[in-house]
Each structure stands twice: as structure tokens, then as C-alpha cells.
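For reference, the structure is listed below as C-alpha cells.
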Amino acid sequence: MFCPKCGKETKEKGLCIDCFLKRYPIEIKEITLPICKCGRYLYHGNWNLNIEGSLKRIVRENLVLPSETKMSDLEIKSKFEGNKIILEIHISGRYKNERFKEEILAEIKIQSKTCPTCSRIFGGYYEAVLQFRTDFDPRKMIDPEFISKMERVQGGFDLCLTSSNYAKKISKDFNKKGFLVKESTKLVGIKKGKALHRLFISIKSPKFRVGDFLEYRDKILQILELGKSVRCKDIKKRKMLMMPLPKLQRARLIAKSRDVRKAMVSSIAPNEIQLLDLKSYKTFELGGNFEGLRQRDEVEYLRIGRDVYLV
Ligand SMILES: [Zn+2]
Ligand SMILES: [Zn+2]
């Protein structure tokens, strides 16, 4: 019999082993291992010692072999390099009635993490303080492994974290969601001639929510989406725009989303429309050019003092 791909003689029908493995290569799943400074690593929910001794088992559990092959032996060589473990994997196995040997290169990503033993030993140790000035308990949003201690303080919670990198990651996430974030460092001591700094990050809820109306300079802005940049609608110009969050903190909250009312367009004139409030059934006029509106259209409007704006 011959391999239909390369013509080499084979014992059985079908691709020869070389062509088969080229078409259906042996693969390894992506692996990320949290490893602590003490050498313990987290795998399947448990912290274990001796990563070198366990690499073979980890590789074995993550290899993906084509179903026609069977592995008979596995040897690995490993090398730690930065935040990776470089692997040279030698696999012996069978395909139909043939033996094969295959070598693949792979890597395991290392993620540095503090194991529970170490966080107990260093109990009280922390690099960063997240100062939540929010109306919710922030603990459920934070990996408990990083929490060294927590204090309830006026206006919120102070969370001491064992990793300043992790603290920065958390503050970034909150910033993206529209929270106000401010970083500062404090000198807390000197160790071996080196200044020790501690990172403080305050995280505050914004003063407004989606749907609220802010007065900013000569604009009235409706908040459409919170974020580092806030998506707003300028309701005077009926135009969308993005505003940096810190700028809006200086703006004045002038109406909430519940202040928006519904009305029906009862008549249209060239530079004016008449609206009928759908709750009070009072009519009133609104000057301006409202392209695209038709009679009997339902609209939403906001009254601020004497002025009325469509939203
Ligand atoms: Zn072949
Ligand atoms: Zn540890």
C-alpha cells in the first residue's frame, strides 16, 4: 500500500504517519499557571509545591492528540524564561500499526500571584490601598487572594492589597466603568537604604448616572454612557459628543432621567411646533426648526425653568 499524499510505502491504507501528523498535528492547549514567589503554583484550584516535578503531568493533561493516535511515552525538557516556561515535548506513540516519535515546542505562561500561605506569612503586608468611596461593598469585585485587610471608613471602604499591579488593574477597570480614579503614593519607610512607597488609589462613584442631565458651561448634556470618556447628548444642539469624565465632575446636575416627560406633536409650523403633554394634556409651543418631526409623533422633553428641550 502507498500513502496517497507522498507515495511512500505503508502497511495500511491511508496516509503515512508523516503526512498524517502534518495534517493532524499534536497540539497543546494554552496553559497559564499562577505561580507564587515561594514556588507554589495553582493548578485545578490547588496550590502545590514542586512545579518541575509536575510539569509532565500538566503537559500530559493538556496535550491534544488526533484520535487515531495513542501516546506510549512522554518526555519533556523545560526551561524558565521570564514569565514563561519553554517546553520541549517528546512524544512516542502509535498510529495504526506504526510507531512514531514526535517533538513539539510549547510554552506555559506564568502569572505571578501570592499563594494563601504567603499571604498569611506576610499577614498585614500590603503594597497598595484602594480607597473606595462608593455606596457598595467592593469586596465581591476583588480577588480575595490579594486582600490583606479591609476597613470600613466614613464614606466607603479601604482595601489593602498585596499587589500594587493588581490594584492598578482594578482601578483601571473601575475607571473604564465611569468611576473617578486618583492615584498617589506615600513614603512609608526606608528598608535597606531604599525608600518604601505605598500606592493609594481612590475610587469614587460619579455624581451622576446614565440618563441624568448636567449643565456644563452653556451646554445641557444628557449622560448616555459612562466611561473614562462619557458619551453625552448636547440637548440644545441635539448632537452627540464625548466628554472626559473629570471635566464633567465640575458640571452641575440639573435634572434626572425621571424628569423627562412625554408629549405628542399636535401641530407643526415652519419655525415652531406645538406639543401636547401626555400626562397633563396641556399644550405648549416650542420654537425652532425640528426637521423630521411629524404631527402625532411622540417625543420626550425636558423642562428646565422656563425652557423646554426635546431629548
Ligand atoms: Zn505520506
Ligand atoms: Zn507562596
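The values are calculated or read from the model by the stated rules, or taken from the named source; none is laboratory data. All of these numbers come straight from a predicted model, not from anything done at the bench. Note: ideal-geometry Cβ built from the backbone for every residue, glycine included; neighbour counts use all protein chains shown.
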**OP:** Please name all residue pairs, on different chains or six or more residues apart, with Cβ atoms under 7 Å, provided the first residue is in the stretch 103-121 and is modelled with pLDDT under 75 and the second residue is buried (at least 18 other Cβ atoms within 10 Å of the Cβ) and in a helix (DSSP H, G or I).
**Re:** SER119/GLU145
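Let's see how each residue does on (1) over 43 Å from the mean Cα position of the chain (by Cα); (2) exposed (fewer than 14 other Cβ atoms within 10 Å of the Cβ):
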site: GLU12; (1), (2): yes, yes
site: CYS16; (1), (2): yes, no
site: GLU27; (1), (2): no, yes
site: HIS44; (1), (2): no, yes
site: TRP47; (1), (2): no, no
site: ILE51; (1), (2): no, no
site: LYS56; (1), (2): no, no
site: LEU65; (1), (2): no, no
Subject >> Where GLU52 falls short, out of the listed (1) free of Cβ contacts under 8 Å to residues at least 12 places away in the same chain; (2) under 24 Å from THR117 (Cβ atoms) >> reply: (1)
Subject >> Residue ranges of strands (runs of 3 or more DSSP E) in the stretch 206-311 with at least 1 members without any contact (Cβ under 8 Å) to a residue 12 or more places away in the chain and loosely packed, with under 13 Cβ neighbours inside 10 Å >> reply: 239-244, 261-269, 307-310
Original post:
Does PHE136 count as free of Cβ contacts under 8 Å to residues at least 24 places away in the same chain and either of a type outside the set (S, T, N, Q) or outside any loop (DSSP other than H, G, I, E, B) (or both)?
Top reply: yes
